[in-house]
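The values are calculated or read from the model by the stated rules, or taken from the named source; none is laboratory data. As the structure is a prediction and not an experimental result, all values here were calculated from the model. Quick reminder, even Gly has a Cβ in these numbers, built from the backbone with ideal geometry, and neighbours come from all protein chains shown.
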Amino acid sequence: MHGRYNVLFLCTGNSARSIMAEAILNHKGRPNFTGYSAGSHPSGKVRPEAIKLLQDARLPTEKLRSKNWEEFAKPSAPHLDFVFTVCDNAAKETCPLWPGQPMTAHWGVPDPAAVAGTPEQIERAFRDAFMILERRISLFLCLPLASLDKLAIKKEIDRIGQTSEAKSA
């Protein structure tokens with residue numbers, strides 16, 4: 001593998017985790033990576049807590065929107081090199097068949113949108129999800145993709161999700 005890579009982050013609602021992952025990758029991975037996000041049952045809106053967190057981190061938010069994963073299964077969609085599910089719901093659902101058979105992995109992240117509590121508790125849940133995603137994406141970007149074969153890359157991206165989960169537990 002080598003060159004420019006397209007990465008799709010999937011979740012159910014595409015309102016927080018996958019949106020944050022898209023923004024993080026588009027910032028940290030440029031110019032070699034382009035991030036996208038989508039949901040199996042998109043909420044139709046991006047959570048304001050996610051937008052605020054991304055803006056506080058000085059990441060662009062103008063183009064972020066909640067969208068259906070079907071947009072990325074169409075022939076006119078960008079070729080995908082990697083597809084990561086970032087929530088448990090998406091990992092248990094049947095995903096569409098992606099043209100070009102991208103590498104897939106599950107990087108489960110607790111859903112900050114599901115947290116009920118004080119504004120501080122909700123803010124902390126969003127911040128924790130952001131930090132987990134930022135750590136995993138940073139590790140992913142360190143992989144020497146041009147010099148690894150597909151099996152080695154698959155093992156490494158799976159390991160990134162597992163190692164990060166152990167650190168965040």
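Structure above, values below:
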{"item": "Filtered residue count, segment 108-117, keeping only those that are under 16 Å from the mean Cα position of the chain (by Cα) and either more than 19 Å from residue 35 (Cα to Cα) or modelled with pLDDT of 90 or more (or both)", "result": "5"}
{"item": "Residues that are of a type in the set (Asp, Glu), modelled with pLDDT under 95 and surrounded by 15 or more Cβ atoms within 10 Å (Cβ to Cβ), drawn from segment 123-162", "result": "156, 158"}
{"item": "Matching option when the condition is acidic (Asp, Glu) and modelled with pLDDT of 95 or more, among 93, 70, 165, 120", "result": "120"}
{"item": "Any hit, segment 56-64, residues being within 14 Å of the chain's Cα centre (by Cα), modelled with pLDDT of 95 or more and not aromatic (Phe, Trp, Tyr)", "result": "yes"}
{"item": "Residue check for residue 13: in contact with a strand residue (DSSP E or B) (Cβ under 8 Å, 6 or more places away or on another chain) and more than 14 Å from residue 84 (Cβ to Cβ)", "result": "yes"}
{"item": "Lone unmet requirement of (1) modelled with pLDDT of 95 or more; (2) within 20 Å of residue 136 (Cα to Cα); (3) assigned to a loop (DSSP other than H, G, I, E, B) for residue 19", "result": "(3)"}
{"item": "Qualifying position, being surrounded by fewer than 21 Cβ atoms within 10 Å (Cβ to Cβ) and closer than 15 Å to residue 20 by Cβ, among 48, 78, 31", "result": "48"}
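For (1) under 19 Å from residue 145 (Cα atoms); (2) more than 12 Å from the chain's Cα centre (by Cα); (3) in a loop (DSSP other than H, G, I, E, B), each residue gets a yes or a no:
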residue	(1), (2), (3)
6	yes, no, no
13	no, yes, yes
27	yes, yes, no
31	yes, yes, yes
35	yes, no, no
43	no, yes, yes
46	no, yes, yes
51	no, yes, no
